[in-house]
Amino acid sequence: MAAVLESLLRGEVSVAAAVRWVARSTRSSEDSSAEAAALNSLRPLRKEFVPFLLNFLREQSSRVLPQGPPTPAKTPGASAALPARPGAPVRGGRGARSQLFPTAEPLSTAVEGALARRGGRRRGPGPSRERGGRGLGGPEEGASGESLPWAGARRPRGSGSPGSPRLCDPPNLSNLEEFPPVGTVPPGPARTKPSRRINPTPVSEERSLSKPKTCFTSPPISCVPSYQPSTLDTSPWGLGLPQGCRSLQEEREMLRKERSKQLQQAPTPACPVPESGSSIPSRTGSLTAEPADPARVSFRQRLELVALIYSSCIAENLVPNLFLELYFVIQLLTVRRMVATKDSDFESSQGALDSLETPLFQSIHDCVFFAVQVLEHQFQVLSYLDKGTLKLLAENERLLCFSPALQGRLRVAFEGSVAKVSLMIPPSAQAVSFQPETDNRANFSSDRAFHTFKKQRDVFYEVLREWEDHHEEPSWDFEKGLGNRIRAMMSQLSAACSHSHFVRLFQKQLLQMCQSPGGAGGMVLGEAPDVLNMLGADKLGRLRQLQERLVAPQSSGGPCPPPTFPGCQGFFRDFILSASSFQFNQHLMDSLSLKIRELNSLALPQHEPGDEDGESDVDWQGERRQFAVVLLSLRLLAKFLGFVAFLPYRGPEPPPTRELQDSILALRSQVPPVLDVRTLLQQGLWARRAVLTVPWLVEFLSFADHIVPLLDYYRSVFALLLHLYRSLILSQENEGEMCFLNKLLLLAVLGWLFQIPTVPEDLFFLEEGPVDAFEVDIPASERGLDSVPVVDQQLLYTCCPYIGELRKLLASWVSGSSGRSGGFVRKITPTTTTSLGAQPPKTSQGLQAQLAQAFFHNQPPSLRRTVEFVAERIGSNCVKHVKATLVADLVRQAEVLLQEQLVTRGQEVGDPAQLLEVLCSQLCPHGSQALTQGREFCQRKSPTAVEALLPEETPAAVLSSAENIAVGLATEKACSWLSANITALIRREVKAAMSRMLRSQGPEPAARVERRGCSRACEHHAPLPSHLISEIKDVLSLAVGPRDPEEGVSPEHLEQLLSQLGQSLQCRQFLCPTAEQHLAKCSVELASLLVADQIPILGPPTQHRLERGQARRLLHMLLSLWKEDFQGPVPLQVLLSPRNVGLLADTRPREWDLMLFLLRELVEKDLMGRLEIEACFGSLREAQWPGDFSEELATLFRLFLAEPHLPEPQLRACELVRPNRGTVLAQS
Amino acid sequence: MILTKAQYDEIAQCLVSVPPTRQSLRKLKQRFPSQSQATLLSIFSQEYQKHIKRTHAKHHTPEAIESYYQRYLNGVGKNGAAPVLLELANEVDYAPSLMARIILERFLQEHGQTPPSKSVINSMLRDPSQIPDGVLANQVYQCIVNDCCYGPLVDCIKHAIGYEHEVLLRGLLLEKNLSFLDEDQLRAKGYDKTPDFILQVPVAVEGHIIHWIESKASFGDECSHHAYLHGQFWSYWNRFGPGLVIYWYGFIQELDCHRERGILLKACFPTDIVTLCHSTA
């Protein structure tokens, strides 16, 4: 490999030829014969070149940046195809480690020896597990890996090693755990598993507890390494190891111990330190940057050449991750200090410039020069970064100093950029609303299922709220806090078979809460506004910026973070894990798959943004937003689908032996994929919708277990993706090609995927993959979504927050170097969440449908959307209209028929089911009218709606066609539903009406009596019934005692009370049936007490009794209330119950005249019949009374019964003598 | 009417072991003249109910019931007209209506062939003239009309108050031209949880979005509020989003802590309602 590079450096081979050679294996006619010869001899090394180059650069920079290679590279070991050992059992012998050393070539025997030594040392059990996890939050090798391999957020994290004796530990040292320098080969089929880590670094025991679990992140460059650079071997190839690394075997042992310790501690929850805590280079502090001077660059030409090769490889997508390389380059740009090296050493090697034996970067000047060179080549990509990053780049003084031209271009790009990116989104979490159409009783198989689900919904949100309240508390643990409740709820669901309902709720809530980046950024319900409201609106903006800065960095962990579940997503992940319900998972997978298919095939805009008028631009904005919403939803759903689907297979490490792996492979290849992603990907590529399909597919695959990429099915998926990645050459911008930002998005997500630990490292460099097996014929002429600029920076950064690491790197440079506190101001663009639009209906086949399609083809997409929308809504409304008119009429008829039945047959209506059959057989035939009515409705309503929604300048012909299509679609929708369902609908409604009526036949029919309302003029000022009951109750309690001597009521008060009662009964606005019933009862009691003269009257002690006349007046009032105002039944017979009549027994002297008066009035006012009263007398006679009282009672009966039924005048006359009689009676 | 926790505690402190009679209420009003009568009654009632819930069990042991019944029999044996049952209830610190129920049940058990059903007892309590024993009927009636926290009359008053405030709220909504679905309409549509009113178009009150309004004609103390939150308000939120609860007789200020989450408390109908503007431009 070095030979290639060297021949390049010597100028024997042109860069272009080399890149062509690397990229395309075949000779190009452009290559000169000499070049071809030079390269041909190295042919077997071809695919080793790029990994070699990347490792070379890392290694070189590691010599410059004292803490070692800052940016990881995932490149395969060079050993896989070493010509020196063809067919040799490469496994175990050579590892990733060797790739760091160009002398891996057979030429260098000295190195060979060194390698052999090292390789031997490193051979050991289970090397593959050591090849590195993703670190922080990584799905696989977490401390809690055994039980809950995904418990990312809960893992203990010690970042930044605050307790460390050293000022600042280079995190990459601690990262040894994550990126151990393994010379390992996994037990894969003859492939090497190179390490992602490149440089071994020693670990010391005292720091073992504070390992920042960063992964693929940059260490703080400013930090002084723990091992002094002076200890480095200064030989050009760094063959010597730092002294600290002498005993790597010992380190291994330490690591292993450490790891097992952590595994044992696994379940302990730990403080959720922000993931990025360790990943942000801490460049503040006292270290100032060394100045960089273009005049002091050591080997300008050589650096230029390497930069060119490197840039060309980047441009040709030969590197696995574009942004990782950019990150590396910017690290070089912002190098703060150079490890002191003896200049003399370098001077001695001045002669061998064309050899690789001279260090590439000898000074900061070299680093910066190289970085600026590469950045110049990558200007195009840079210019598409967000405005903030552009500003930081343009403001970078080193860049200005080394390339004023690039700085100028960047400045121009910055000024022209509108790509403000905000990662903050106002929290939007809300509960999923209850929709009767899907959620009411009719959607459940039984009452029990319905009520169970009702409870589940509440439990679910209760759990969610509790999570929100507590998940940030260090001592809180999801499983401990909520696990049992979730499982209890799940078991109830299983019993009630309501999983599908719950899964729908779960999925909707997931989309609602997590779809926005805000949801992913840890913002949850109502947390932010609390603070914001307190500060007032003017400070809101500033605070939000601050909040954004605080929140945004947490959203990613380094340039290549592991797949995680940030923010609210953590809740859903933990919920799934805690529920551990097979049924739930299965339903969830079904539901997620369906939704993914649905969204993936959603018709999305395919037109360019209009540049003529603002109107279409408005449309365009909406379409772009819709795309973003769909894409983000898909990614979220796919992530969870991947998570759940691969959950049973997740393990912390790949199978230890080849045999085991083979048997697992044999087993797994039987399992059909949960979702046919390969077909979807092929279709996506074919339809040129990769920009929609690939990002979610990447999310899905990022959760694959170790075996998945080895399965034939998924291998072909990966091969397709790789093929796609290679083809996305950014510099090619042909007509019909994919748009730049679309490409950038795909490159970013794919690059990220290729860094996932479970994805085999060599996959990327496997050049002759089985791609050819899949003919991906992309019709070049067809324009698809890919060629529409649907991706903007906001979406790019939302999908790939790790791109923001570039900005952080630059920002930390600013804050460190010039003392300015953040040299950039971010503008905040509040983004609102939009809900998914209504699904366009599937149109029918046939010529008409084709014509309709053709009609829309040349019309603006908004026209089509409008028509489809109108059709969908009108069709739906049509059904409702039929329900409200025709069906409602039929139900009324049913009620009449039923009423007749009830009247004729009395209470014995017979079997309700039979009755229903009778009713339905009469009514259902009328259902056929539904179609006529439906058609008529659609014809009437659709055109006006279309007209109202389309712009006025729509040509008449277009308008009328659109209207006709809308009518047709709406009618089709409505009629197809109606013809299938109308009978069932009528039946259901009639059944409901019938059960309503039968129920109302039940108890207390009185309460259902048609009530008179108050008069129209009534202003509802009557006293409230509750108040009256309360007042009357007080009077009653006073009357029955016990009471204080001074207590009593005035006759006026009683009168007032009764007149108020009259008002209340007349107004009725606030009167409910129960209140009226109780008022009636109380009034009867009051009457009895009046008759028995038991109401204590306020006044002088001698006059504690009510005057006769007053009592009569009050009784009159009561009688009139009973007669006129009460609408419910008044229990007047209680007046003649033994208890109430018995009240008279206690009074001395007994006075019966009021009783007689009352009885007469009751009869006269037709409130009670004589017979009724006589019946009461009968029961009174049977009661036990004191002897004298019985006699008096008998006299009363006789008197009353003796009275003839006289017409009114005579009765009045009779009344005149009554007092006397009463007195006589009382005295007798 | 919105009380701080401290103010509330001061009132609650005065209610320990106070019998639920009109005399007690009168004293309470004198003690806290600045508070509205309805609020005081509501607090009293709730505090008393908490007390009864705590002590309920000890009054229902067979021994206790037997002892009460014997005391009752002795009492009425001496003087049937004396408030025997009421005084017994006050003496053992139990609600008169509930004491009446215990004795009635015991009495029917003794005199009937089968154990009395709940509905028979309820019906007799509602209408004591149905009680076969005249003395007991009077004693029971006396308990019921003198109990201001329990009993059929109190239940009815509470029900009526709740109904009246719903009507009041409905009127206010109509007056403000806010269209809504009421509980009956919601039930007819098959909603599983039904607040008093769901606004068809949400409004904003004090900057908070309101989808539904629940009327509570009581004082919102901790205990009842938490029960309501769990059984009703959160369920409404879970289905319809944020909403408003009106505690017509006030509430403890500190309980209004879920505003941001979507449950707003008020002690009256809000005055500053912001509605969605339909731009005519």
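General observations
- Of the residues making up region B:206-224, those that are away from chain A (no Cβ under 14 Å) and in a strand (DSSP E or B) number 4.
- Among residues of region B:169-194, those that are in contact with a Phe, Trp or Tyr (Cβ under 9 Å, 6 or more places away or on another chain) and either among the acidic types (D, E) or in contact (Cβ under 8 Å) with a residue 60 or more places away in the chain (or both), counted: 7
- Members of region B:226-241 found to be surrounded by 23 or more Cβ atoms within 10 Å (Cβ to Cβ) and either not in a helix (DSSP H, G or I) or not aromatic (F, W, Y) (or both), listed by number: B:S235, B:N238, B:R239
- Exactly one residue out of B:Y228, B:Y236, B:Y249 is more than 9 Å from chain A (Cβ to nearest Cβ) and in contact (Cβ under 8 Å) with a residue 60 or more places away in the chain: that is B:Y249.
- Count of residues meeting criterion [of a type in the set (S, T, Y) and closer than 22 Å to A:W813 by Cβ] in region A:289-317: 2
- Leading residue by the ranking (nearest to the other protein chains (Cβ to nearest Cβ)) among those in region A:1018-1031 that are crowded, with 18+ Cβ neighbours inside 10 Å and part of a loop (DSSP other than H, G, I, E, B): A:L1024
- When region A:863-906 is filtered for residues that are in a loop (DSSP other than H, G, I, E, B) and among the β-branched types (V, I, T), nothing remains.
- Looking only at region B:67-97, residues that are farther than 15 Å from B:N138 by Cβ and not in a helix (DSSP H, G or I) come to 4 in all.
- Enumeration of residues in region A:1032-1049 that are more than 10 Å from every other protein chain (Cβ to nearest Cβ) and in contact with a helix residue (DSSP H, G or I) (Cβ under 9 Å, 6 or more places away or on another chain): A:G1048, A:V1049
- Condition met for A:P1096 (more than 14 Å from every other protein chain (Cβ to nearest Cβ), closer than 28 Å to A:P1042 by Cα and modelled with pLDDT under 85): no
- The single residue among B:A100, B:A64 that is within 14 Å of another protein chain (Cβ to nearest Cβ) and in a helix (DSSP H, G or I) turns out to be B:A100.
- Some residue of region B:162-178 being small (G, A, S), under 14 Å from the mean Cα position of the chain (by Cα), assigned to a helix (DSSP H, G or I) and more than 10 Å from every other protein chain (Cβ to nearest Cβ): no
- Test: B:S119 is surrounded by fewer than 19 Cβ atoms within 10 Å (Cβ to Cβ), touching a helix residue (DSSP H, G or I) at 6+ places or on another chain (Cβ under 9 Å) and either more than 9 Å from chain A (Cβ to nearest Cβ) or without any contact (Cβ under 8 Å) to a residue 12 or more places away in the chain (or both): no
- Residues of region A:1050-1076 that turn out to be touching a Leu at 6+ places or on another chain (Cβ under 6 Å) and either within 7 Å of chain B (Cβ to nearest Cβ) or among the basic types (K, R) (or both), as a count: 1
- Any pair with Cβ under 9 angstrom, 6 or more apart, that starts in region A:987-998 at a residue that is part of a helix (DSSP H, G or I) and ends at one that is basic (K, R): A:E989/A:K883; A:A993/A:R892
- Identity of the residue in region A:436-452, at the interface with another protein chain (Cβ under 9 Å from one of its Cβ atoms) and either over 21 Å from the mean Cα position of the chain (by Cα) or assigned to a loop (DSSP other than H, G, I, E, B) (or both), that ends up surrounded by the fewest Cβ atoms within 10 Å (Cβ to Cβ): A:A442
- Note on region A:416-449: residues that are in contact with a His (Cβ under 9 Å, 6 or more places away or on another chain) and either among the hydrophobic types (A, V, I, L, M, F, W, C) or at pLDDT 85 or above (or both) amount to 2.
- Hey, B:Y48 away from chain A (no Cβ under 12 Å) and in contact with a helix residue (DSSP H, G or I) (Cβ under 7 Å, 6 or more places away or on another chain) or not: no
- Those residues of region B:252-274 which are out of contact with any helix residue (DSSP H, G or I) (no Cβ under 7 Å at 6 or more places or on another chain), assigned to a strand (DSSP E or B) and more than 14 Å from chain A (Cβ to nearest Cβ), in sequence order: B:K266, B:I273, B:V274
The values are calculated or read from the model by the stated rules, or taken from the named source; none is laboratory data. The structure displayed is predicted, hence computed values, not measured ones. We place every Cβ from the backbone using ideal geometry, glycine too, and count neighbours over all the protein chains shown.
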